[in-house]
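Chemist: First, the structure itself, so that you have it in front of you.
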Amino acid sequence: MKKITNLIIIDASGSMTSKAAEIRGGLKMIFKEIKDDIALGEAKIRTIVTQFSSPGYFKELVNSKKAEKLTNQLADAYQPQGMTALFDAIGQGFQLVPEQQDSVLVTILTDGQENSSQEYDQAAITKLISDKKAGTPAWTITFMGTTEQAMKAAQSWGVSRGNSLSVSNDGKGFNTSMRSYSKMRKSHYESSLGRSRGGNMDNLAVDNEAEDE
């Protein structure tokens, strides 16, 4: 069976406090969907969820292939605090992905920009993203940002515009964005199993917007 890893890197800095409830709800939704995929028995699916804030604060919420680990209590453990060491979180998160995977989907969710990393800088992250996208297998890197500035920054590191999803700050808009992300993740899963799309998965957000029109 194919080995698929979902790596989700979530900003837990203090500025995310107003969106904490929506993020917890979004995680519960994604967990349910991944559990449904695991139950199909079509692939070996690993889920890694991390949260980060200030330098030195990088926490694994889950790193497992077991569906029973994806609980509502785990989603409720998301707790914003501190600053935004985004580059460090990306670098450290990438290290958690096991070798010899057949497909990797990375999702970065943040409302702001890098402001306090100590281990990685922009050049290092840009190279890391480039290397992973060019590797075998090529990783799919997606970005969910709540500001236009954050979206542009992600694209400057090498995240494709077609895999960048704008997230609304209000509750209703955030939930809509999470549903769009759900479609992106499903498209990646189906392609990983060879059931749809081609080898290039750099336009997941754009393709799903077109489907909704």
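The values are calculated or read from the model by the stated rules, or taken from the named source; none is laboratory data. Since this is a predicted model, take the numbers as computed values, not measurements. FYI the Cβ positions are ideal-geometry reconstructions off the backbone, even for glycines, and counts take in every protein chain you see. Just the protein is used for accessible areas: all its heavy atoms, side chains included, with ligands, DNA and RNA removed. Shrake-Rupley method; radii C 1.70, N 1.55, O 1.52, S 1.80 Å.
Chemist: Using the Cα atoms of region 88-213 to build a convex hull, what is its mean projected area in square nanometres? Present the calculation step by step, with values, prior to reporting the outcome.
Modeler: Numbers: hull surface 32.0 nm².
Value for region 88-213: 8.0 nm².
Chemist: For region 1-83, state the average projected area of the convex hull of the C-alpha atoms over all orientations, rounded to one decimal in nm².
Modeler: Average of the hull's projected areas for region 1-83 equals 5.1 nm².
Chemist: Nearest 0.05, what FRET efficiency do Gln122 and Lys59 give at R0 = 22 Å with Cβ-Cβ as r?
Modeler: Values: r = 23 Å, r/R0 = 1.05.
The formula returns an efficiency of 0.40 here.
Chemist: Take the alpha carbon atoms of region 85-155, find their radius of gyration, then divide it by 2.2 N^0.38 Å using N residues; give the quotient. Walk me through the intermediate numbers first.
Modeler: Working: Rg = 12.1 Å, N = 71, 2.2 N^0.38 = 11.1 Å.
Compactness ratio reported: 1.09.
Chemist: Assign unit charges at the C-beta atoms only (+1 for Lys and Arg, -1 for Asp and Glu), then state the dipole size of the chain relative to its Cα centre in Debye, rounded to the nearest 20. Mind dumping the intermediate values first?
Modeler: Details: 25 positive and 26 negative charges, 121 e Å.
So the magnitude is around 580 debye.
Chemist: Within 10 Å of each candidate Cβ there may be at most 13 other Cβ atoms; applying that plus a DSSP loop requirement, which trypsin sites (Lys or Arg not before Pro) in region 99-205 survive? All intermediate terms of the calculation are to be shown ahead of the outcome.
Modeler: Numbers: sites: Lys127, Lys132, Lys133, Lys152, Arg161, Lys172, Arg179, Lys183, Arg185, Lys186, Arg195, Arg197; in loops: Arg195, Arg197.
The qualifying sites are Arg195.
Chemist: Another one. Which lysines have a Cα lying under 18 Å from the Cα of Lys152, excluding residues fewer than 8 positions away in the same chain?
Modeler: Lys127
Chemist: Under 4 °C and 1.567 mPa s, how fast does region 19-132 diffuse according to Stokes-Einstein, given a Kirkwood radius computed over C-alpha pairs? Answer in µm²/s, whole number.
Modeler: Details: Rh = 15.2 Å.
Taking Rh from Cα pairs, D becomes 85 µm²/s.
Chemist: On the full set of protein chains, 1.4 Å probe, figure out the accessible area of Leu193 and give it in Å² to the nearest 10.
Modeler: The accessible area of Leu193 comes to roughly 40 Å².
Chemist: Rounded to the nearest 10 Å², what accessible area does Tyr181 have for a 1.4 Å probe in the complete protein model?
Modeler: 10 Å²
Chemist: Assuming a viscosity of 1.306 mPa s and a temperature of 10 °C, what translational diffusion coefficient in µm² per second does Stokes-Einstein assign to region 115-178, Rh being the Kirkwood radius over Cα pairs?
Modeler: Working: Rh = 12.9 Å.
For the chosen part, D equals 123 µm²/s.
Chemist: Return the FRET efficiency for the residue pair Asn175, Asp131: r is the Cβ-Cβ distance, R0 is 45 Å, and the value is rounded to the nearest 0.05.
Modeler: According to the calculation, E is roughly 0.85.
Chemist: Let me ask something else about it. Share of the chain's accessible area from carbon and sulfur, percent, 1.4 Å?
Modeler: On the way: 4470 of 9630 Å².
Answer for the chain is 46 percent, counting heavy atoms of protein chains only.
Chemist: Sticking with this structure for a sec: Starting from 0.36 nm per residue, how many nanometres of slack lie between Glu99 and Thr147 once their C-alpha separation is accounted for?
Modeler: Numbers: separation 48, 0.36 × 48 = 17.28 nm, distance 3.32 nm.
Answer, rounded to one decimal: 14.0 nm.
Chemist: Past 20 Å, Cα to Cα: identify those pairs from Lys65/Lys172; Lys35/Lys186; Lys3/Lys65, in the order given. Show your work: numbers first, answer last.
Modeler: On the way: Lys65/Lys172 31 Å; Lys35/Lys186 12 Å; Lys3/Lys65 10 Å.
Those over the limit are Lys65/Lys172.
Chemist: Mean Kyte-Doolittle of at least 0.0 and a Cα length of 24 Å or more along the axis: which whole DSSP H helices of the chain meet both? It would help to have the intermediate numbers written out before the result.
Modeler: On the way: long enough: 20-40 (30 Å, 0.22); 171-192 (31 Å, -1.51).
Correct list, ordered by number: 20-40.
Chemist: Give me log10 I(q)/I(0) at q = 0.10, 0.13 Å⁻¹ for the chain, Debye formula, one equal scatterer per alpha-carbon, no solvent.
Modeler: -0.38, -0.67
Chemist: Could you tell me what percent of the DSSP beta bridges with both partners in the chain are antiparallel, to the nearest 5?
Modeler: Values: 6 of 32 bridges.
Here the share of antiparallel DSSP bridges comes out near 20 percent.
Chemist: Can you check what the net charge comes to around Lys35, using other residues whose Cβ is under 15 Å from the Cβ of Lys35 (Lys, Arg +1; Asp, Glu -1)? List each step's numbers first, then the result.
Modeler: Numbers: positive: Lys28, Lys32, Lys44, Arg46, Lys65, Lys66, Lys69, Arg185, Lys186; negative: Glu33, Asp36, Asp37, Glu42, Glu68.
Residues near Lys35 contribute +4 overall.
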